[in-house]
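This report concerns only the one structure given below.
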Amino acid sequence: MTTDPTTQTLDQRGVTDDSQVEALFQEVRQQFDKQTINLPDDEIGWRMKRDAWLGRKAGVVTRITENWLKTAAPRLRPTVGRCLNDLRSHVEERLEQLHAAVVAAAGSAALARERVDLSLPGVTRPIGSRHLVQQTFEEIERIFLSLGFTVVEGPEIETPYYNFEALNIPEHHPARDTMDTFYLDVPPGSQPHLLRTHTSPMQVHTMEKQRPPVRIIVPGKVYRRDNPDATHSYMFHQVEGLAVDTDITFCEFKGTVEYFVREFLGSAAKTRLRPSYFPFTEPSVEVDASCFACMGRGCRLCKFSGWIELFGAGMVDPAVYGFVHYDATRVSGYAFGLGVDRLSQLKYGIDNLQLFFENDVRFLRQFP
Amino acid sequence: MKILYDWLKEFVAVPFAPGELRERLSLAGIAVEGVSETPAGPSLDLDLTINRPDCLGHYGVAREVAALGRSELPPLSVGLRESSDSAASVTDVEIASPDLCGRFTARVLRGVEVQPSPDWLRKRLEALGQASINNVVDATNYVMLELGHAMHAFDLDRLAERRIVVRRARAGEKIRTLDGVERTLSPEICVIADAARAVGIGGIMGGAETEIGFSTHNVLLESAWFDPVSIRRSSKALGLRTEASTRFERGADPEMAELASRRCAALICELAGGEALAGVVDVYPARREPLPLDLSRKELLRVMGASVPDAEIEAILGALGFAPRRADKTSGSPDSPLATWRCRQPSWRQDVTREVDLIEEVARHYGLEKFPPRLHPAKQPAARLPHAEAEDRLRERLIGLGYHEIVSIPLVNEAEDALFRPAGVTPARVANPLAEDASLLRSTGLVSMAHALAWNLNRGQHNLRLFEIGRAYRLQSGAPDEIRIATIGATGMASEQGVAESAREYGFADLKGDLDQIGNLAGGFDWNAETLAWQHPARAGRILLANAGLRRMEDGKGGQWFVTVGNTVVGSAGELAPRVADKFKLRQGVFLAEWALDPFYEGYGLARDDRKYQPISRFPAVERDFSLILSEGTSFASVRETIAALGIPEIFSIEAVDLFRGTNIPPGKFSLLVRITFQSQEATLTEAQLTDFSSRIISALERKLGATLRSV
């Protein structure tokens, strides 16, 4: 075990010339380098190292200053001074490096502890949803607003006149069979009332109040006395449409219907009009869309016809104009009745209509 | 109605395979639901519209098939060998009610041998869903399916005096019909009677006593025409729908009566032997000339928007039996815009009475796909519903607060509705409900909401927040009234246990907080402590809306101002009373609220229009906490009002931040920590100002409410 050279003076070490001085400093420097190869464990380890070398009272650099520089022979002093300065800067530089590394290591250890697990769930405030029927109403409304249709509403409790007679369905018309009706229990002597079986009464109300041009849609609830099953409910939703003017023909009707179907079902959807019968339209049609389940090739959904029946429509029957005092020889127009629930069922593949009205949150959450 | 493909071919050449025929007929308005195989060959399942009774037989459908190829249906010729004795010498027909029965023909067949039908006949009937009975009855059904005309065969020897009287039933008159049911009749019903009694219900069903049986030798064959409205009314009154009533109520062909009878007589002779007596006893009070109909190209263009060539118009109308003749002065020039045609209504198309009906006939066979689609520009701006924006904001906010929208059927159980019905409301009952659980239009949405919550709770869904925007219904002095309402329902946890959050149950404060957020849209809800029968007596109240009391006044010079007439109750909110919760088997606390939407939407509009920018102060705000000891029953509102009444403009907000009872608080008292924020628009507040405000506030609270400051 050799004595620590810095505790002795140069004389005691027997150093007599510059080269010996330099060799001695080289030895010390190697010693320092050896001791600082490894990063100290932490701030405390680094401080001990720093104090050992740069401590004011007992650091190596201080000892060299006291023992070597101050006692050095005048001829050796310039060399000792230069070497000491070199050593000090070397030590300071290296310790500073080490300190930065120690601080960085400490920081990353702390961060590692704080690091969030990104796969853990966040705090979610529950968000509700619009009912699917409402979403379809809004979708339909958006499309027809863009075509200049104004939205109107009407009562669900109607008189037989508006629900039937004024729509060219007199009391003993067989069409009434397809619209089994709930009647209201009203006090004797009051006007009879019923739950509207379609939104069509608003055609009459609107035309009674307004001269042509008329362009309206009527969203709302309607009621039929049908036993509930996968495709029937005693309440469901419709959007009625009516356009009347002096220059509307079947071609405008067809253009409007085709536009709606493409907007609602996508640009690939094809439309076909099939002649049908409704007492308040003439000619009447069923609007079919190409089956979106099989792209028209034929499947169970479309009963292997390639087409799906969407809704009924047609040119307003001139008899209806008679009830609202429009001149049937001058005006013409079209009307349609969209089944909102049916359209939603088709669009979202919902096989049971009852799901809409059970309001099970496991259903509601699926359509945010 | 099912149609056998091979049977059609007996009347017309069918140039299409069954699958293509299905498509072609559907596109011409005779909807074919599907094609199926039967022992009698392929059958088409028609879904006929009610205006086309002429297609309730193969012959009528054959006419449509012929029209697809623009050819006319070959006329039917029926060879019938008649004996020398005349039918008129054996029987006699009298129509006493010509308004109900427009034609009655009777043919007499003598010496028939009633037997089971041959195989070919049974096969066809059974393929079309008709049970085979015996050769005579089957012949009437066969010809009905063939020509669309319903007939009836009587055992002639069982008819008293062998004569027919068509008349109104006598009040209370009884008849046992073929289905074995004894029915009581009324004078609106048309009966076929003999000299003594009713032997059939005209156009609906024959009587059992004169039924054809294996002992029958002589037959009276009825082929008649009945008034559609009368048949429909009677069929409804009797609750009896038959193949015959379906055909007559839609408007059968009066001209077909005689031809169908001849065809049927020939078939009976072929199947059962015997002889047909000469002639037919035919009483025909409803006979009339065919209705003339005109069609002009001008009107066709006005309705359809695109033209159809002359040749197509004439071929289609000709094939369908309308016998079109050019009737305009330009008849020489093809496709003239001035072209008109004179047509006549065929007896089998009583649904076609107007020019527009002819236009439809032309269009459906010409092909709707040939009319070009066009969009037409709007001449007026489109508008949404007046309240659409307010409803959007309300819905948005409810969804943001975590509520799922429900849609319920407003028909509810009467007893359940009564649990929520406000006093003095007359409910709107349904006169003919389908079920007791749907016998009444709800008088509030709360009953539907309670149901929706119960449905989910019963299915393991315990944390629920639901809303509905709908209507409530009632009778207002006998007349129905519909009220727009919003309803919300909540139960379960307000927040669930998670890694970053602890669990907390939804409580009244959650409901109130949610409602206050909603109320802010309409200028703010106010509350009072009145409770309704459905509400928990301690944790509920009524919702008021200040704006609902605002009245817009006009000064006649275009200016307007608002006058507050006080807060108005618009709804109610709170925990469901345990008594009501039990009825719905709800085993956890349930919170409900409902308010009227018309005043809410009005309030929304007023609040939106009144909204103006409030300058944000550049000077710091200072908070001061006041820990008050108050007597039980003192409301926060009274504290707030007492402070506000001081009129210190620098008061920016007054909030309650803590509330407690117990340790260190004297009995009958509670402690409320109130935080007041002061801020000035003009300057930084000095300590002296703040001290002054504080002492004024404390002394006012002491004086007005007997409050004391709690030593901290």
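The values are calculated or read from the model by the stated rules, or taken from the named source; none is laboratory data. Since the model is a prediction, treat every value here as computed from it, not as a measurement. Here the Cβ positions follow ideal geometry from the backbone for every residue, glycine too, while neighbour counts run over all protein chains shown. With ligands, DNA and RNA removed, areas are computed over all heavy atoms of the protein, side chains included. Shrake-Rupley method; radii C 1.70, N 1.55, O 1.52, S 1.80 Å.
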**Q.** Close pairs from the range B:38-61: first on the phi > 0 side of the Ramachandran plot, partner at pLDDT 95 or above, Cβ under 7 Å, at least 6 apart
**A.** B:41/B:4; B:41/B:5; B:41/B:6
Q: Specify the residue that is surrounded by the most Cβ atoms within 10 Å (Cβ to Cβ); the eligible residues are those in the range B:232-267 that are in contact (Cβ under 8 Å) with a residue 12 or more places away in the chain and not in a helix (DSSP H, G or I).
A: B:252
Q: Could you list all residues from the range B:308-332 that are in contact with a helix residue (DSSP H, G or I) (Cβ under 6 Å, 6 or more places away or on another chain) and surrounded by fewer than 20 Cβ atoms within 10 Å (Cβ to Cβ)?
A: B:312
(Q) Tell me yes or no: at least one residue of the range B:149-160 is without any contact (Cβ under 8 Å) to a residue 40 or more places away in the chain, of a type in the set (D, E, K, R) and assigned by TED's automatic domain parsing to the domain that holds residue B:247. (A) no
Q.
Checking the structure you have, find out if any residue of the range A:272-291 is more than 11 Å from chain B (Cβ to nearest Cβ) and not hydrophobic (A, V, I, L, M, F, W, C).
A. yes
Q. Identify, please: which residue in the range B:170-189 is open to solvent by less than 20 Å² (accessible area, probe 1.4 Å) and touching an Asp or Glu at 6+ places or on another chain (Cβ under 8 Å) and is, among those, farthest from residue B:212 (Cα to Cα)?
A. B:185
Q) Could we say that residue A:62 is open to solvent by 20 Å² or more (accessible area, probe 1.4 Å) and modelled with pLDDT under 85 here? A) no
**Q.** Matching residues, the range A:286-315, being open to solvent by 20 Å² or more (accessible area, probe 1.4 Å) and among the acidic types (Asp, Glu)
**A.** A:286, A:309
Q: Could you check how many residues of the range B:6-15 are of a type outside the set (Gly, Ala, Ser) and open to solvent by 20 Å² or more (accessible area, probe 1.4 Å)?
A: 6
Q. Do any strands (runs of 3 or more DSSP E) entirely within the range B:452-496 hold 2 or more residues that are small (Gly, Ala, Ser) and without any contact (Cβ under 8 Å) to a residue 40 or more places away in the chain, and if so, which?
A. B:493-495
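Table: residues versus (1) among the hydroxyl-bearing types (Ser, Thr, Tyr); (2) touching a Leu at 6+ places or on another chain (Cβ under 7 Å); (3) open to solvent by 50 Å² or more (accessible area, probe 1.4 Å); (4) on the phi > 0 side of the Ramachandran plot.
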| residue | (1), (2), (3), (4) |
| --- | --- |
| A:88 | no, no, yes, no |
| A:96 | no, no, yes, no |
| A:99 | no, no, yes, no |
| A:124 | yes, no, yes, no |
| A:149 | no, no, no, no |
| A:168 | no, no, no, yes |
(Q) Here are the criteria: (1) more than 9 Å from chain B (Cβ to nearest Cβ); (2) within 27 Å of residue A:359 (Cα to Cα); (3) not polar (S, T, N, Q). Tell me which single one residue A:111 does not satisfy. (A) (2)
Q: Provide a single number: the residues in the range A:332-368 that are β-branched (Val, Ile, Thr) and either at the interface with another protein chain (Cβ under 9 Å from one of its Cβ atoms) or buried (at least 21 other Cβ atoms within 10 Å of the Cβ) (or both).
A: 2
**Q.** Verdict on residue B:184 being modelled with pLDDT of 95 or more, of a type in the set (S, T, N, Q) and under 26 Å from residue B:50 (Cα atoms)
**A.** no
Q: Output the residue which, of all residues in the range B:376-402 that are among the basic types (Lys, Arg) and surrounded by 13 or more Cβ atoms within 10 Å (Cβ to Cβ), is farthest from residue A:220 (Cα to Cα).
A: B:397
Q) Inside the range B:362-394, can you point out the residues that are of a type outside the set (Asp, Glu) and more than 8 Å from chain A (Cβ to nearest Cβ)? A) B:362, B:365, B:366, B:367, B:370, B:386, B:387, B:390, B:393, B:394
**Q.** Flag for residue B:383 being within 30 Å of residue B:294 (Cα to Cα) and hydrophobic (A, V, I, L, M, F, W, C)
**A.** no
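Condition check ((1) within 39 Å of the chain's Cα centre (by Cα); (2) modelled with pLDDT of 95 or more) across all residues:
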position: B:35; (1), (2): yes, no
position: B:44; (1), (2): yes, yes
position: B:50; (1), (2): yes, no
position: B:63; (1), (2): yes, yes
position: B:73; (1), (2): no, no
position: B:77; (1), (2): no, no
position: B:81; (1), (2): no, no
Q. Taking residue A:143 and the conditions (1) open to solvent by less than 10 Å² (accessible area, probe 1.4 Å); (2) touching a His at 6+ places or on another chain (Cβ under 9 Å); (3) not basic (Lys, Arg), which numbered condition does it fall short on, given that it satisfies the others?
A. (2)
Q) Among the residues of the range A:155-210, which ones are assigned to a loop (DSSP other than H, G, I, E, B), within 12 Å of chain B (Cβ to nearest Cβ) and in contact (Cβ under 8 Å) with a residue 40 or more places away in the chain? A) A:155, A:156, A:168, A:169, A:173, A:179, A:180, A:181, A:182, A:196
Q: State the number of residues belonging to the range B:1-55 that are among the charged types (D, E, K, R) and either within 11 Å of chain A (Cβ to nearest Cβ) or within 20 Å of residue B:247 (Cβ to Cβ) (or both).
A: 8
Q) Based on what the data block shows, is residue A:100 outside the structural domain of residue A:212 (by TED's automatic domain parsing), under 30 Å from residue A:44 (Cα atoms), among the small types (Gly, Ala, Ser) and in contact (Cβ under 8 Å) with a residue 60 or more places away in the chain? A) no
Q) (1) over 20 Å from residue A:128 (Cβ atoms); (2) more than 10 Å from every other protein chain (Cβ to nearest Cβ): which one isn't true of residue A:315, the others all being true? A) (2)
Q.
Kindly evaluate residue B:355 against the criterion of being on the phi < 0 side of the Ramachandran plot, surrounded by 14 or more Cβ atoms within 10 Å (Cβ to Cβ) and charged (D, E, K, R).
A. yes
Q: Scan the range A:106-132 and report the pairs whose first residue is touching a residue at least 24 places away in the same chain (Cβ under 8 Å) and part of a loop (DSSP other than H, G, I, E, B) and whose second residue is surrounded by 10 or more Cβ atoms within 10 Å (Cβ to Cβ) and basic (Lys, Arg), with Cβ atoms within less than 9 Å and a gap of 6+ or a chain change.
A: A:130/B:395
Q.
So, in the range B:403-438, exactly how many residues are surrounded by 20 or more Cβ atoms within 10 Å (Cβ to Cβ), in contact with an Asp or Glu (Cβ under 9 Å, 6 or more places away or on another chain) and facing chain A (nearest Cβ under 9 Å)?
A. 9
Q. Before we move on, is residue B:96 hydrophobic (A, V, I, L, M, F, W, C), open to solvent by 30 Å² or more (accessible area, probe 1.4 Å), over 30 Å from residue A:279 (Cβ atoms) and within 43 Å of the chain's Cα centre (by Cα)?
A. yes
